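Each reported figure results from applying straightforward, stated rules to the coordinates on display, with no laboratory input. Here the structure is a predicted model, which means the values were calculated and not measured. Glycine also receives a Cβ, built like all others from the backbone with ideal geometry; neighbour counts cover every protein chain displayed.
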Amino acid sequence: MKTKNKLGQHEIVGFVVIIVIVSIIGLIFLSFSIGRGDVAEKTSVEISDFLQSSMYYTTECASGYIPNYENLQDLIKACYRNEKCFDDKMACDVLNKTFDELIDKSFLIGVGGKYKAYKLNVYYTDENEGQANKEILKIDKGDFMNCSSKTGASQEIFMDPGNINVEMKMCYNLYLLNLLIIISKLLE
């Protein structure tokens with residue numbers, strides 16, 4: 001009687017091992033099939049919320065006198081107008097530094113992070129003249145090659161007679177990271 005129970009337990013363990021191996025192989029094929037071709041960009045609520053809230057972030061640039069510090073939205077406008085801060089720093093330099101720090105503190109970019117890369121573009125569009133967009137700021141970090149998923153959002157700042165657009169795109173770091181997480185959970 002005991003040998004039948006042990007034989008049944010061995011068969012169940014063998015069946016579970018086969019299911020786990022087939023699942024892992026299926027996940028590997030699924031991750032490669034999703035990653036092929038151009039990946040459509042999706043709109044991200046997380047990035048949209050980040051851009052929207054960052055516009056009210058108080059920067060280190062004071063206009064006119066201290067403590068009249070600009071928020072990020074006003075600093076973008078000052079950068080477009082090529083203005084200086086009260087301490088004679090260029091508004092664009094402070095903008096670049098501030099955006100870079102905000103993104104690095106808000107998102108984990110690179111190996112081990114959720115995101116593989118990001119691109120931030122800030123540009124002015126004149127609605128009356130139909131001219132090409134005038135670039136205000138561009139920050140890139142990481143590599144957008146072989147993204148398993150792309151996401152992004154934009155924020156518009158009214159500036160008569162046109163608009164300033166702040167666009168941010170992110171590349172997800174899903175292939176190996178998620179596969180390793182799934183395999184480690186299966187092996188626990």
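Worth pointing out:
- Segment residue 87-residue 18, extension gain: residue separation times 0.36 nm, minus the distance between their alpha carbons: 18.1 nm
- Cβ charges +1 (Lys, Arg) and -1 (Asp, Glu), total dipole of the range 39-174, debye: 540
- Proximal aspartates and glutamates relative to residue 169, as straight alpha-carbon distance under 19 Å, when same-chain residues fewer than 8 apart are discounted: 38, 41, 46, 49, 100, 101, 104, 135, 140, 143, 156
- Percent of Cα-Cα distances greater than 25 Å, calculated over the range 39-174: 30
- Which listed pairs, of 42/105; 114/134; 77/114; 89/141, have C-alpha distances above 29 Å, in listed order: 114/134; 77/114
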